[in-house]
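Structure record follows, encoded as C-alpha cells.
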Amino acid sequence: MAAPRPLSRITLPEEVVQKDRRKCARYDQCGLGEKAVYLGSALMPRRYYIPYEAITHVFKRVAVSNGAGKGFLAPILYLVVRYDDGQERQCSFRYLQDADKMLDAIESAHPEIALMSPEGVQKAREKRQKEAAIENAVLSDAEEHEVRLLNNAKLELEKRPGLYEKLAVTAKRKRTADLTNPRYQTLAAVICSAGVIAILAGLLLMHRRVGGSLPLLVILAGAAAVFLMINSGALPTPSHSRKALTKAYNEALAAMEKSLRNTTFPFAAAYAHPIVLERCIRIIKEGRAETALAALEELKRDLKAADSSVALSGKDYSDVITIKPLFTVNDYR
C-alpha cells in the first residue's frame with residue numbers, strides 16, 4: 001500500500017508514518033495513530049496524514065441537503081480537521097457513533113486539540129463568561145428570598161421524580177393528540193383496513209393458484225400499508241385516543257396537585273418541573289424579573305419565542321422540548 005501523503009507543512013519520515021498507520025485505531029475512513037491523524041480520500045481510506053502538533057481543531061460538521069432529508073438526500077456528517085494556519089480537511093462518516101468515538105479518543109490522548117470549530121470555541125467562551133456573570137450576580141434581599149423559595153420548591157419536587165416526569169410525558173402526548181387532525185386518524189384507519197383486505201385477497205388468490213406472482217405482490221403491498229400506518233402513530237387505538245391521553249394527563253396533574261397540597265410551591269402544579277424552576281432562578285439572576293411569578297411570565301415569553309425558526313442546541317434544546325408541552329397544553333395560562 002502506498003505511503004500516506006502529508007497535508008501539513010509538518011511531515012514525518014515515511015517509515016514512521018507507514019508503521020504508525022498500520023497500528024492506528026480505525027474510525028470509518030479515518031484513523032488515529034500515535035503520531036498523526038489519518039484521513040481518507042474518495043477512493044482510499046487513511047490516504048492522508050496530519051501530525052498532531054499541526055492540528056488545532058477537530059470538529060463535526062453536517063451538510064444538510066434541500067431534499068426530504070432521507071436516503072441519498074439525508075444530511076452528510078463530516079469530521080473536519082483544522083491545521084497549520086487555518087487550513088481544513090474534512091472526511092465523511094457513515095455513522096455518528098464512529099465520529100463521536102474518534103473525538104473521544106482525541107480528547108483523551110490530546111486534550112490540547114479543540115473539539116469545536118473556532119466559532120464554536122468563541123461561543124463556548126462567551127457562554128461561560130455569561131454563566132459566570134449570572135452566578136456571581138448581586139441580588140437584593142427580596143430577590144434572594146425568591147431564589148431560595150424556588151430552590152426549596154425544586155428540592156421538594158426532586159423527592160418524587162416520577163410525578164414530574166409523568167406529568168411532562170403525558171402533557172407532551174396530549175399536546176400531540178390535540179394538534180392531530182381527526183381526519184388523519186380516519187385516513188390511517190382506512191388505509192390500514194385496505195392493507196388488511198389486500199393481504200386477505202392475496203392469500204385467497206395464492207390459495208386458488210391464480211395470477212402468477214400477483215398474489216405475492218398484493219400481500220406485500222397490503223403488509224407495507226399496514227406496517228406504515230401502525231408505525232405512523234395516527235391509528236385511533238383506545239390507548240392513543242385523545243380522550244385516553246387527556247385522562248392520563250389529568251390523572252398525572254391530580255397526582256402532582258395532591259403531592260404539593262401542603263407545600264409552598266410557588267406555581268400551579270401544571271408547571272411543576274425542576275427545569276421550570278431552574279429557568280426561573282436564572283431569569284431572576286439575569287435581572288429580568290424580581291419575583292418568582294414574574295420570572296414564570298418571562299419564561300412563558302421565552303418558550304413562545306422558541307419556535308422552529310430559533311436554533312437551539314445542547315441543554316437549551318433538551319430543556320425546551322421537555323417543559324414546553326407543560327405550557328402549550330395549558331395555552332400558557
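Every number here is computed from the coordinates shown, using simple stated rules; none is lab data. A quick note: this is a predicted structure, and the numbers were derived from the prediction, not measured. Here the Cβ is made from the backbone with ideal geometry for all residues, glycine too, and neighbour counts use every protein chain on show.
What to note about this one:
- Average Cα contact separation per residue, the chain, under 8 Å, 6 or more apart, as relative contact order %: 14
- Pairs exceeding a 29 Å alpha-carbon distance, out of LYS127/LYS300; LYS174/LYS315; LYS101/LYS166: LYS101/LYS166.
- Judged by the mean number of other Cβ atoms found within 10 Å, the most tightly packed of the peptides 286-299, 127-140 leads the ranking 286-299, 127-140.
- Other residues with beta-carbon under 14 Å from the beta-carbon of ALA294 carry, at +1 per Lys or Arg and -1 per Asp or Glu, a net charge of -1.
- Remark: the stretch 260-269, residue by residue, has Karplus-estimated 3J(HN,Hα) of 9, 4, 9, 10, 9, 4, x, 10, 5, 4 Hz, where x stands for each Gly or Pro and the curve is 6.51 cos²θ - 1.76 cosθ + 1.60 at θ = phi - 60°.
- Only one residue of ILE275, THR322, ALA305 has its Cα farthest out toward the positive end of the dipole of the chain, where Lys and Arg carry +1 and Asp and Glu -1 on Cβ, and that residue is THR322.
- Largest to smallest principal axis extent of the C-alpha atoms in the stretch 53-204, angstrom: 71, 54, 27
- Projected label distance in nm at ARG261 and LEU217, using a 7 Å step from Cα toward the beta-carbon: 6.6
- Net charge of neighbours whose Cβ lies under 10 Å from the Cβ of VAL81, counting Lys and Arg as +1 and Asp and Glu as -1: +1
- Integer Hz, Karplus 6.51/-1.76/1.60 couplings in order for the stretch 7-24, x for Gly and Pro: 9, 8, 5, 7, 10, 10, x, 4, 5, 5, 5, 4, 5, 5, 5, 4, 9, 5
- Angstrom value of the Kirkwood radius, inverse mean 1/r, which spans all Cα pairs in the stretch 5-119: 14.5
- Along each principal axis, taking the top coordinate minus the bottom one, the Cα set of the stretch 181-233 gives 42, 14, 11 Å in descending order.
- From helices alone, the chain scores -18500 deg cm²/dmol at 222 nm; the rule is -39500 (n - 2.57) for each run of n ≥ 4 DSSP H residues, then divide by the residue total.
- Inter-site label distance for GLU158 and SER140 at 7 Å from Cα along Cβ, in nm: 2.9
- Alpha carbon convex hull of the chain, projected area averaged over orientations, nm²: 25.9
- Full extension of the chain segment joining ALA133 with LEU43 gains 27.4 nm, where the gain is 0.36 nm per residue of separation less the Cα-Cα distance.
- For a label point 7 Å along the Cα-to-beta-carbon line of LYS23, residues of the stretch 101-119 with backbone N under 14 Å: none
- Given charges at beta-carbon only (K, R positive; D, E negative), |dipole| of the stretch 101-155 in Debye: 200
- In a fully extended conformation the segment linking GLU53 and LYS300 would gain 84.1 nm over its present Cα-Cα distance, using 0.36 nm per residue.
- Förster radius 35 Å - calculated FRET efficiency between ASN250 and GLN122, Cβ distance, rounded to 0.05: 0.15
- For THR56, the residues 5 or more places off, or on other chains, whose built amide H falls under 5 Å of its own are ARG82, TYR83, ASP84.
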